[in-house]
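Student: One structure follows; several queries about it will come next.
Derivation of every value follows stated rules applied to the coordinates shown; laboratory data play no part. Quick caveat: nothing in here was measured; it's all calculated off a predicted structure. Because the Cβ atoms are built from the backbone with ideal geometry, glycine has one as well, and the counts that use them run over all protein chains shown.
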Amino acid sequence: MASADASRTLTDHSYLTTVQYRDDSNLAARQSIYMYQQPQINLVTTVLDLAGLAGRETVADVGCGNGKYLAALARRGHAGRLLGADLSPGMLEVTRAVAPRAAVTVADAERLPLADGAADVTLALHMLHHAPDRAAAAAELRRVTRPGGQVLVVLNGADHIAEFGDLTAATAAALGLPDPGLRAESSQRSLTIDAGQRLLARVFDAVERHDFFAELVLPSAEPVARYIGSMRIIQAMPDPAAFTAAAAARIPFGPDGTFRVTTHPGLLICH
């Protein structure tokens with residue numbers, strides 16, 4: 001797949017809303033693999049704990065996806081107003097079901113339909129890399145957050161799921177295909193936590209960083225195939241199902257019968 005095609009699928013609104021995030025099936029497939037994480041890191045709980053919420057803040061979740069953070073806030077009994085925004089109407093259908101108290105709307109992160117300072121806390125979790133103009137999106141996150149509030153951004157390290165990149169590159173080589181570029185996707189076209197920290201430091205007065213390191217200990221090919229098959233860079237290939245099956249057959253299981261994959265998300269708390 002050409003580099004330009006891979007970049008397009010990262011930020012193209014039509015592709016994101018009608019293919020990759022038409023509903024939450026692809027996202028849910030990727031989220032489900034974390035049941036194999038060791039040590040277990042509940043990122044939703046960790047992020048909300050680090051937010052230090054008192055319980056009455058207005059919280060805006062930009063790129064809320066399938067509503068996991070808004071639902072978690074509701075379960076915690078958060079009494080403040082909950083707002084959700086996402087490009088995908090299909091994803092918002094799921095959010096409405098799991099977080100019915102939240103007010104949600106279709107919106108572009110670069111042009112949020114919120115007043116200046118509308119939120120006490122703004123969440124931007126695994127979404128900033130989808131903005132075509134990331135600087136504009138970061139500026140919007142600051143605009144809609146009141147002075148003295150905070151913006152929480154989650155991004156991945158360049159080494160996050162690097163082993164999947166190695167696996168797909170080896171599979172492509174064995175099939176005589178170009179490398180689909182999963183590792184390059186992670187470190188170049190996507191927005192790593194290092195690059196995100198530099199970007200946000202130009203927009204906010206202070207950026208506090210937290211990194212979370214663990215690994216997936218995968219006991220069989222099935223969760224690997226489900227994860228790889230959900231990725232937009234694989235789905236954009238001419239025959240994604242055949243490629244995914246070939247990759248699953250090449251998994252380098254270790255002596256203990258598991259395939260170990262690095263996970264490295266990080267949280268940037270901006271003031």
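Student: Which whole-number percent of Cα pairs in the chain have a distance greater than 22 Å?
Tutor: When all Cα pairs of the chain are counted, 56 percent exceed 22 Å.
Student: Now, a different point. Return the equivalent ellipsoid semi-axes of the stretch 153-271 as a descending list in whole Å, where each equals the square root of 5 times an eigenvalue of the C-alpha gyration tensor.
Tutor: 30, 17, 10
Student: What does the convex hull of the alpha-carbon atoms of the stretch 59-150 project to on average, in nm²?
Tutor: Value for the stretch 59-150: 5.3 nm².
Student: Ok, one more. Scale the Cα Rg of the stretch 86-199 by the rule-of-thumb value 2.2 N^0.38 Å and send over the ratio, two decimals.
Tutor: 1.31
Student: I've got another one for you. Kindly identify the stretch 22-102 as rounded, prolate or oblate by the Cα gyration tensor criterion: order the square roots of the eigenvalues as a ≥ b ≥ c, call it rounded if a/c is under 1.5, otherwise compare a/b with b/c, prolate if a/b is larger, else oblate.
Tutor: oblate
Student: I would also like to ask the following. Relative contact order for the stretch 3-270: what percent, with Cα pairs under 8 Å and sequence separation of 6 or more?
Tutor: Here the relative contact order equals 21 percent.
Student: What ranking do 91, 127, 35 get, fewest neighbouring Cβ atoms within 10 angstrom at the top?
Tutor: Ranked by crowding around the Cβ, least crowded first: 35, 127, 91.
Student: Which order results if 228, 33 are arranged by neighbouring Cβ count within 10 Å, fewest first?
Tutor: Ranked by crowding around the Cβ, least crowded first: 33, 228.
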